[in-house]
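Visitor: Supplied in structure tokens, the structure appears directly below.
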Amino acid sequence: MILLLHSEAMKFRVSVRPELAADLPEVLGDRVQLQQVLMNLMMNGIDAMKDVDGTRELTVQSQRGENGEVLVSVSDTGVGLPPQHEDKIFNAFFTTKTHGTGVGLRISRSIVESHGGRLWAADNPTGGATFQFSLPATAAAHA
């Protein structure tokens, strides 16, 4: 997804910083659906930084979670989560974008949950937002 969205990131002067762990356990899932989730989160991050002055950095990180699951996060230095709508961002048809449909985050959460994982978001202390999802490792997925 980083390679696929490279030109979109360059168009808006966003630097993409991968921080990908090499020793992660395998997860059981539909690769295309999980790529769709990652692409949606990355595009949302790029969108959130389009009109921001200063550093525009998108960090894509993967690591082992506390319970052995795989944890993926997408952090941006954009506008952050709208405080008055923070609890609504995963609702179907809710959007803060002028041309948004309001289904991207809802579909992403559904995909992650159908894989036995969870998707959530939080504001970054220094500005911007982080969207994270966890997926069970293969051994846990079979259990």
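Visitor: If packing is taken as the average number of other Cβ atoms within 10 Å across a peptide's residues, how do 124-136, 50-62 rank, most packed first?
Guide: Ranked from most to least packed, the peptides come out as 124-136, 50-62.
Visitor: What are the residues whose amide H is under 5 Å from the amide H of G128, where those residues sit 5 or more places off or on another chain and H is modelled from the backbone?
Guide: Placed amide hydrogens put G78, G80 under 5 Å from G128.
Visitor: Let me check I've understood the local charge: for G54, count other residues with C-beta under 14 angstrom from its C-beta, Lys and Arg +1, Asp and Glu -1. What total comes out?
Guide: -1
Visitor: Residue by residue through region 42-51, which ³J(HN,Hα) values in whole Hz follow from phi under the Karplus form 6.51 cos²θ - 1.76 cosθ + 1.60 (θ = phi - 60°), with glycine and proline marked x?
Guide: So the Karplus estimates, Gly and Pro as x, are 5, 5, 4, x, 4, 4, 5, 9, 3, 10 Hz.
Visitor: Skip the ligands, DNA and RNA, and give the accessible area per residue of region 12-84 with a 1.4 Å probe, whole Å².
Guide: Details: 4120 Å² over 73 residues.
Heavy-atom accessible area per residue stands at 56 Å².
Visitor: Accessible surface of M43 in the full protein assembly, 1.4 angstrom probe, to the nearest 10 Å²?
Guide: The accessible area comes out at roughly 50 Å².
The values are calculated or read from the model by the stated rules, or taken from the named source; none is laboratory data. Everything quoted here is computed from the prediction, not taken from an experiment. Note that we place each Cβ from the backbone using ideal geometry, even for glycine, and neighbour counts take in every protein chain shown. Side chains included, ligands, DNA and RNA excluded: accessible areas come from the protein's heavy atoms. Shrake-Rupley method; radii C 1.70, N 1.55, O 1.52, S 1.80 Å.
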